[in-house]
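Contents: one structure, followed by commentary.
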Amino acid sequence: MRSVFRPVPVIALCAVFLALAGCATKPSQINNVCAVFAQKDGWIGNWHSAAQSAERKYGVPVPVLMATIRIESGFEQKARPPRRKLLGFIPWKRPSTAYGYSQALDGTWDEYRDATGSALARRTSFADAVEFVGWYHRRSHDQNGIALNDAYNLYLSYYAGHAGYRRGVWRNNPGMQAAARRAADMARSYDQQLQGCRL
């Protein structure tokens, strides 16, 4: 009997490999959202479409979503907090379980997956991470009354946690406030850039 198996052309395999490799590459010019979206516009992992989907679902503007991820991880797929040093030079434990684009903690990520039925969501997937950020910011709006376009206070709530934000733990934390200002400034910059993007 003649075999009906046809080998996959090498060119097709190379194309798939390059597409998947591109998904894991950190975008260049991360302070320019147009450049980020232009670099991540493939048929696998289109970041602009993923961010728009999260905006439609949760009502959080794309610039706020993207600014949050920019400040949290710099768009590093497998970002983690740096390890502490034991005795000043021995690599030790990390300060938290934050991981991936969104820097979501283990417990918060599990809560998100349970709440949304997204059992297969991964922190190393940009589409899943931007959905998580939208979900978390929406909860900050629902629980703490923060406007969905208020990047400064949404970031404070993201950083401090919903309960920590309500307690005002950020008030005496200059580092937290500085990070929130960077997020707000980045959201404004991204918003202006998006007005001129050709996407």
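Points worth noting:
- Residue 104 long-range amide H proximity, modeled H, under 5 Å: 99
- Rounded if a/c under 1.5, otherwise prolate or oblate - region 40-199, Cα gyration tensor axes: rounded
- Table column - 3J(HN,Hα) (Hz), region 160-172, Karplus curve with 6.51, -1.76, 1.60, x for Gly and Pro: 8, x, 4, 5, x, 5, 4, 6, x, 4, 7, 4, 10
- Pair residue 192, residue 96: separation of 7 Å Cα→Cβ label points (nm): 2.9 nm
- Counting only Cα atoms, region 127-199 measures 42, 25, 20 Å along its principal axes, largest extent leading.
- Label-point separation, residue 119 to residue 106 (7 Å along Cα→Cβ), nm: 2.1 nm
- Mean Cβ count within 10 Å, highest first, over the residues of peptides 133-144, 32-43: 133-144, 32-43
- Within the straight-line cut-off of under 17 Å between alpha carbons, the aspartates and glutamates reachable from residue 26 are 41, 72, 76, 128, sequence neighbours fewer than 8 places apart in one chain being disregarded.
- Summary of the geometry: region 132-190 and region 106-124, compared by the centres of their Cα atoms, lie 20 Å apart.
Read-outs: derived from the displayed coordinates by stated rules, not from any lab. Given the structure is predicted, the values throughout are model-derived calculations rather than measurements. Please note: Cβ atoms are built from the backbone with ideal geometry, for glycine as well, and neighbour counts cover all protein chains shown.
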